[in-house]
2 protein chains.
Amino acid sequence: MPKPSRTPPPAGAAPLPSREGTRAALLDAATAVFVEQGYDLARVRDIAERAGANVAAINYHFGGKEALYLEVLRHQAGERIERYPFADAAQLAGAEQALRAAVTALLSRFLAEDQRAFVAKLLMRELLSPTPALRTLVADVIAPQFRQLSAIVARLLGPKADTETVTRCTLSIVSQCMFYLFARPLVEQLAPHSYDSGGPALLATHIAQFSLAALQARRRDLEAGDA
Amino acid sequence: MPKPSRTPPPAGAAPLPSREGTRAALLDAATAVFVEQGYDLARVRDIAERAGANVAAINYHFGGKEALYLEVLRHQAGERIERYPFADAAQLAGAEQALRAAVTALLSRFLAEDQRAFVAKLLMRELLSPTPALRTLVADVIAPQFRQLSAIVARLLGPKADTETVTRCTLSIVSQCMFYLFARPLVEQLAPHSYDSGGPALLATHIAQFSLAALQARRRDLEAGDA
DNA sequence: GCATGATTAAAACAATTGTTTTAAACAAGC
DNA sequence: GCTTGTTTAAAACAATTGTTTTAATCATGC
């Protein structure tokens, strides 16, 4: 029983990847589709089409949709592990400057329109519908960054601050930054120009200022023995 | 062609609702399932089963899954519109106390294990996959509460604070509270005892303290003409 | 050029899902 | 008791989705 003759590639489709490129094209396409749609709504046919490949290639190269998703997370995590957002920030002379730079870096990563935001966007979806991959993603990618920010916060709070206080203050900073990513539709409705040109810079300045003031006051309390 | 004989209700199933109660049972069941699963993963068969009704009842009473979802949102919004979380908080004598009470009320609502958290949980899912209903939900339920918190913030910041500053400070407070709802799996991994007994009260105290310090510092800046 | 393994593409499959169909059962009014 | 409209339940339907099957095509090595 001969197979039907294969169709030539359509004129307007994505260029066919070279043989060794199909897997990479699928990985890229899947990343984009998972970021846009989340795992549940992402369709293997969309991914294949976007990659210029056949839907059976997903099973061939990755074993299936779920394994492809895990590979996307692993791949994005690997891309990020090599670069910590605050590496240069930690070198700054003053702890205040370090915090400003860290907040700016964190917020700009969250609000980036390109692949810099992929991990964060995938994280948002994972948080709402966790898969087993979340634990690894947090441990390998998020926690190291969190620890770096905590170190800056600890410097600002001084030697009297216990670990819990440092952690809670760090979470207060992270939450302000992350909020503008996950709650974007809400913010756009409550404060419609927040994401306009120049908006994110203003937000970063505000978050840094708000948080620095809080940390300085907490430090004073701790040193006055009021805590 | 006679229909197959109808099966008697299974012994262990949900008690069958009275005739006038099926619609209400479906609405309650749907609320729970949409909160747990989100719209996309929620299955009409699960909802029907949970309500002790037949799957065709959803179409009969609501026209379909989507219309049921919209009705759930409308219904939950209506439940909330009649009660603002800070009504009694606004009566407190001091603005500081008002803020503390507001933060406590907001966080406890977000972290409630019962229906008090339904609107917030549905909002989290809407934010990640917006439907047209989000705009109405924000306008009718969230924005009024936001305005009340803003009024407290404005009192704390004093007359020199412009609207944008008030809004951004209010968002800084809301984001800290909301974070512990949407990012729960992350927080549980980074700060594992945050949700233990007594944890939420500690968090509320921390958020209020952190935010009050920041607002007081901002007020001083404004009044010193530094802003 | 042949053999072998890798890769691809189209068709088919199996399961799932929300919706529709249809008639039975129910409730209310006369 | 009959009629009428409402409500329900089981079966069927149609569409969708990820996966599997199968053979063609390709690439490499001898």
query = Ignoring ligands and nucleic acids, what accessible area does residue A:164 show with a 1.4 Å probe (Å², nearest 10)?
reply = 110
note = Note, the stretch B:129-139: 3J(HN,Hα) by Karplus (6.51, -1.76, 1.60, θ = phi - 60°), whole Hz, Gly/Pro = x, goes 9, x, 10, x, 5, 4, 4, 5, 4, 5, 5
ask   = Under a point spin-label approximation (7 Å from Cα along Cα-to-Cβ), what is the residue A:79-residue A:197 distance to one decimal in nm?
value = 2.7
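Determine the calculated [θ] at 222 nm for chain B from helices alone, applying -39500 (n - 2.57) to every DSSP H run no shorter than 4 residues and normalising by the residue count; nearest 500 deg cm²/dmol.
-21500 deg cm²/dmol
Excluding residue B:208 itself, what net charge comes from residues whose Cβ is under 10 Å from its Cβ, given Lys and Arg +1 and Asp and Glu -1? If you can, show how the numbers build up before the last one.
Working: positive: B:100; negative: B:96.
Here the charged neighbours net out to 0.
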ask   = Under a point spin-label approximation (7 Å from Cα along Cα-to-Cβ), what is the residue B:136-residue B:164 distance to one decimal in nm?
value = 3.4
key: Charge dipole (debye, nearest 20) of chain B; +1 at Cβ of Lys and Arg, -1 at Cβ of Asp and Glu   = 400
request  = Please name which of A:192, A:29, A:64 has its Cα lying farthest along the dipole of the protein assembly as shown towards the positive end, using unit charges on Cβ (Lys, Arg +1; Asp, Glu -1) and the Cα centre as origin.
outcome  = A:64
request  = Identify all aspartates and glutamates with a Cα-Cα distance to residue A:160 below 16 Å; exclude those on the same chain that are fewer than 8 residues away in sequence.
outcome  = A:221, A:223, A:226
query = In the neighborhood of residue B:127, defined by Cβ-to-Cβ distances under 13 Å, what is the net charge if each Lys or Arg adds +1 and each Asp or Glu adds -1?
reply = +4
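The values are calculated or read from the model by the stated rules, or taken from the named source; none is laboratory data. Quick caveat, the model's predicted, so the values are computed rather than measured. Neighbour counts run over all protein chains shown; Cβ positions are idealised from the backbone, glycine included. For accessibility, only protein heavy atoms count, side chains too; no ligands or nucleic acids. Shrake-Rupley method; radii C 1.70, N 1.55, O 1.52, S 1.80 Å.
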